[in-house]
Amino acid sequence: MRAPLLALALVAGAAPNALPGSLVDVAVEVAGRRMPLYDAVDGSGRLYFEAREGHTYALLLSNRSHERLGVLVIVDGLNAISGAREEIGRGTPGRLYVLAPWSQVDVRGWRTSLDQVRQFTFVDERSSYAARSGKSNSRMGWVEVAVYRDRAPARVGGWRQDA
């Protein structure tokens, strides 16, 4: 029996495998192995990767730019940092991973504190974090990534130093 595929939706400037113009590379690791990403046949720009029940997975995000970027990661319709329901393009984004220029972050699971992460694991929908927390939604089975450019820093006050 063939393992199911999970969808990876990349939006707002994110793209896999260093596509021209992308700000962030997104790679998927399953059970410690980098997985190939497959293009959706419908031309939507979505990508898919193979899910293997019971295996852990991680998202590897690499900032390919000289800018500081905010990266929103949504798994099963929930923000990976806060666990809150989230939809890309609806309102102000929730908590983001902040990537310094040319840096990388490995998102390995649901963040429960600054020091603790509960590993992402492929399970059936009933056993998912979203279902167990009463937050099931129409985005189950989706991993979504959105990239936001940093705003220019606000200038607060100022001073003048005379010689």
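Considering the range 37-61, and only residues there that are within 11 Å of the chain's Cα centre (by Cα) and under 21 Å from R149 (Cβ atoms), the residue that is surrounded by the fewest Cβ atoms within 10 Å (Cβ to Cβ) turns out to be L60.
For the range 1-36, name all the residues that are modelled with pLDDT of 85 or more, surrounded by 16 or more Cβ atoms within 10 Å (Cβ to Cβ) and not in a strand (DSSP E or B).
Correct list: L23 only.
Filter the range 37-61 down to the residues that are assigned to a loop (DSSP other than H, G, I, E, B) and among the aliphatic types (A, V, I, L, M), then identify the one that is nearest to W142 (Cα to Cα). Selected residue: A51.
The values are calculated or read from the model by the stated rules, or taken from the named source; none is laboratory data. Keep in mind that what you see is a predicted model, and the values were worked out from it rather than measured. Note that each Cβ is placed from the backbone with ideal geometry, even for glycine, and that neighbours are counted across all protein chains shown.
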